[in-house]
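The values are calculated or read from the model by the stated rules, or taken from the named source; none is laboratory data. Model, not experiment: these values are computed from the prediction. Positions of Cβ are generated from backbone atoms using ideal geometry, with glycine treated the same way; all protein chains shown enter the neighbour counts.
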Amino acid sequence: MRSEFQRFVEIATGRQLPVFGSNFFAEAADSFAPVDNVPVSADYVVSTGDEIVIRAWGSIELDYRATVDRNGLLNLPRVGSFSVAGVKASALENHLRAQIGRLFKNFSLNVALGQLRGIKVFVVGPTVKPGVYTLPSQASLLSAVVAAGGPSSAGSMRKISLRRDGRIVTVLDVYDFLVNGDKSRDLQLVAGDVVVFHPVGPRVALTGATDSAAIFELKSAQETVRDVLAYSGGASVLANRQRVHLERIDPRQARAKRFVEEFKLDEEGLQKPLRDGDVLALLAISPEFANAVTLKGHVAQPLRFPWRAGMRILDLIPDKDALITPDFYRRKNLLVQLLEVEQGHASSSTKVAPAALFDELNWSYAVIERLNQRDLTTQVIPFNLGAAVLQRDAAQNIELLAGDVVTVYSQKEIRVPLARQTRLVSVEGEVAAPGVYQLLPGETLKELIARTGGFTPQAYIYGLELSREQTRQQQRDNLTAALARLESLAATQAARASANRRDDSSAANDLAVSNAATQAQISRLTRIQPNGRIALELAPSVAKLDELPEVPLEHGDRVVIPSRPGFVTVAGAVVNNNAFLWKPGRTAGDYIKLAGLDEGAEISNMFILRADGTVTHANDQRGLFGLGGGLQSQPLYPGDAVVVPNQLDFETWGRALVRNLKDWSQIFSQFGLGAAAIQTLRR
């Protein structure tokens, strides 16, 4: 139960502070259990109720357990009764040896204490669990305090009395035990002892920059700030010794009873006496560095460096090596790491966009952030990093002040003009010198290929592939959106078909087949990986470099010029998914005949993937009656592909006609029966 002072402190500080030492009693009370088989101390005094184990051999044989009676006597067979009450445990064996020795000689003796007596003590006052307790005879005052759960929220830890025979024999200060481990006032209990908890005394709260924020009880009015800090383990190094706040209550004031004091944590401040109700707040030190200049951004080691008078940019960045980030070396080290491939599985190489190992610096711009001490505004002082570090330009080697923050940027963070960027493009295939090239400012596809030496005689310019990472990302987003629309449309169609479904089994089978086909189509689309290719819309007859479009290139582009293929591919709902030999003059219809249409083919939705990346759909080349004849008459070129999709609705027009006629006949027959019934009723 929380005390009223704890609630007061929570309102004043916003923190729930525990009472110092309460955790010890809460945890000790949960695990407290009297133990009888612990070793007995040498000064333990034998008394009524103690069990003594006696083993003797020689002239007398004994293996006997005897309990001291209420008269303090011990009764032994063949020996008689004699007094043992008041004998210490260390002297018990000699005492029994003397008693038995009066009757027997030449024997050996072993004496031990067995079950010890229990003592009944009384616990009263403001404690968690007052009452009568039966404790082991070895129990001490602190044992009784723990068994009772410690003082309550209104009880004192600084004054716990032990009364015996009507007088106080000791007063326990729990702080002495908790802070210093002092148990000098922890006396052993005897039967009939009374443990008295006294009301809590003056209390103060310690909060702020300390690891032991708590509520402490004062033992006297003379306790000082030094004493309370000693209870908490001392002032932390994070505490500001120049400023300590003390919130104090003064009942003598007529209006406001509370006021605030501020003092230093020096010798005078440590001697300051505390009062009941004080809230002592240790303020944290400022995070400000007195002599630091911070370097951050695209640098080798973003750190705080010690400032000195006259320090300049070159003192902070002495050379260009200080601008190489650790990421550069990590990427470089990855180049020589070998990837283990499981035996029997071939490793597949993934084409990646060309990239530099080093993120290019923005040499033309870096910045100093400085706090203006006059009006606390932030000044941004730009400077030319290249001129300062590479050219040692004195005008750009700006003097630094304590507290400055110097930021170095890469070209990814602040984009620079194209002329200063390092842009790489990969050129592969049928060119004179394939490889990775650094783009010139404003360079186009035509100009780059000319710089590689031009096309080889085997180059198939119509099939030139230009791939771009930005385009691949856009294709992935578009594919995701298309899949979402397709799934929504499939769900709508399935719901509409279910609502209009007839009760016959054939309709249910048709619906199940249609749904399965739709899901298979969606599953295939989810496995498609965009390639980022840009369709150049070239003429099939293109053969010269000058006929290429003026396409500006970007960093990471990949250009592939294939050799002229000799085949055309037919895929989808055909009997023979294969590549067929290309022959001049052949049309899409000719190749579809060679492949053979599957019974599930939907010829009206067929399309042609051209070698230049463009797509021609049947809807764009409708023939007579919209049957796709126009697309089938289109000529094909090397590298083209014809795709015939599967139909999603497997009901033919003939079956639809029969089903509709059947439905209408049923309607008319029911209508006829109704009319006949009306006529009969009229008669």
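Before moving on, here are some points about what is shown:
- Screening the candidates Ala508, Ala490, Ala484 for the property of being in a helix (DSSP H, G or I) and either at pLDDT 80 or above or not small (Gly, Ala, Ser) (or both) yields one hit, Ala484.
- Long-range neighbours under 8 Å by Cβ, at least six apart or interchain, first residue within 11 Å of Asp278 (Cβ to Cβ) and modelled with pLDDT of 85 or more within the stretch 242-255, second of a type in the set (A, V, I, L, M, F, W, C) and not in a strand (DSSP E or B): Glu247/Ala12
- Only one of the numbered conditions (1) surrounded by fewer than 14 Cβ atoms within 10 Å (Cβ to Cβ); (2) assigned by TED's automatic domain parsing to the domain that holds Gly155 is not met by Val123, and that is (1).
- Every residue from the stretch 187-197 that is at pLDDT below 95 and surrounded by fewer than 20 Cβ atoms within 10 Å (Cβ to Cβ): Leu187, Gln188, Val190, Ala191, Gly192
- Candidate set: the stretch 188-223, residues that are touching a Lys or Arg at 6+ places or on another chain (Cβ under 9 Å) and of a type in the set (D, E, K, R); chosen: the one nearest to Gln242 (Cα to Cα): Glu217
- Counting residues in the stretch 81-101 that are in a strand (DSSP E or B), more than 30 Å from Ala154 (Cβ to Cβ) and either assigned by TED's automatic domain parsing to the domain that holds Ala147 or in contact (Cβ under 8 Å) with a residue 40 or more places away in the chain (or both) gives one or more.
- For the stretch 199-216, residues that are crowded, with 17+ Cβ neighbours inside 10 Å, more than 37 Å from the chain's Cα centre (by Cα) and not aliphatic (A, V, I, L, M) total 3.
- Counted residues, the stretch 453-475 - those being hydroxyl-bearing (Ser, Thr, Tyr) and surrounded by fewer than 20 Cβ atoms within 10 Å (Cβ to Cβ): 2
- Lone qualifier among Arg163, Arg185 - being part of a strand (DSSP E or B), out of contact with any Lys or Arg (no Cβ under 9 Å at 6 or more places or on another chain) and of a type in the set (D, E, K, R): Arg163
- Candidates Ala395, Ala450, Ala388, Ala419: the one that is part of a loop (DSSP other than H, G, I, E, B) and either loosely packed, with under 14 Cβ neighbours inside 10 Å or out of contact with any Asp or Glu (no Cβ under 7 Å at 6 or more places or on another chain) (or both) is Ala395.
- Spans of strands (runs of 3 or more DSSP E) in the stretch 217-308 with at least 1 residues over 35 Å from the mean Cα position of the chain (by Cα) and farther than 30 Å from Ser364 by Cα: 239-249, 258-263, 279-284
- Residues of the stretch 49-72 include none that is surrounded by 12 or more Cβ atoms within 10 Å (Cβ to Cβ) and under 60 Å from the mean Cα position of the chain (by Cα).
- Count - residues of the stretch 363-379 that are at pLDDT below 90 and in contact with a Phe, Trp or Tyr (Cβ under 7 Å, 6 or more places away or on another chain): 0
- Within the stretch 542-557, residues that are over 11 Å from Ile461 (Cβ atoms) sit with their Cβ atoms under 6 Å from residues that are among the basic types (Lys, Arg) and in a loop (DSSP other than H, G, I, E, B), at 6+ positions apart or across chains, in these pairs: His555/Arg423; Asp557/Arg468.
- Residue, nearest to the chain's Cα centre (by Cα), within the stretch 134-151, restricted to residues that are crowded, with 21+ Cβ neighbours inside 10 Å and among the hydroxyl-bearing types (Ser, Thr, Tyr): Ser143
- The residues of the stretch 355-385 that are of a type outside the set (Asp, Glu), surrounded by fewer than 15 Cβ atoms within 10 Å (Cβ to Cβ) and over 39 Å from the mean Cα position of the chain (by Cα), listed by number, are Gln373, Arg374.
- Yes/no for Val406 being under 30 Å from Pro287 (Cβ atoms) and assigned to a strand (DSSP E or B): yes
- For the stretch 278-327, a residue qualifies if it is of a type in the set (Gly, Ala, Ser) and in contact with a Lys or Arg (Cβ under 7 Å, 6 or more places away or on another chain), and exactly one does: Ala292.
- Flag for Leu265 being more than 30 Å from Ile381 (Cβ to Cβ), assigned by TED's automatic domain parsing to the domain that holds Arg226, in contact with a helix residue (DSSP H, G or I) (Cβ under 7 Å, 6 or more places away or on another chain) and surrounded by 18 or more Cβ atoms within 10 Å (Cβ to Cβ): no
- Only a single criterion out of (1) modelled with pLDDT of 90 or more; (2) in contact with an Asp or Glu (Cβ under 7 Å, 6 or more places away or on another chain); (3) closer than 13 Å to Tyr460 by Cβ is not satisfied by Gly566, namely (2).
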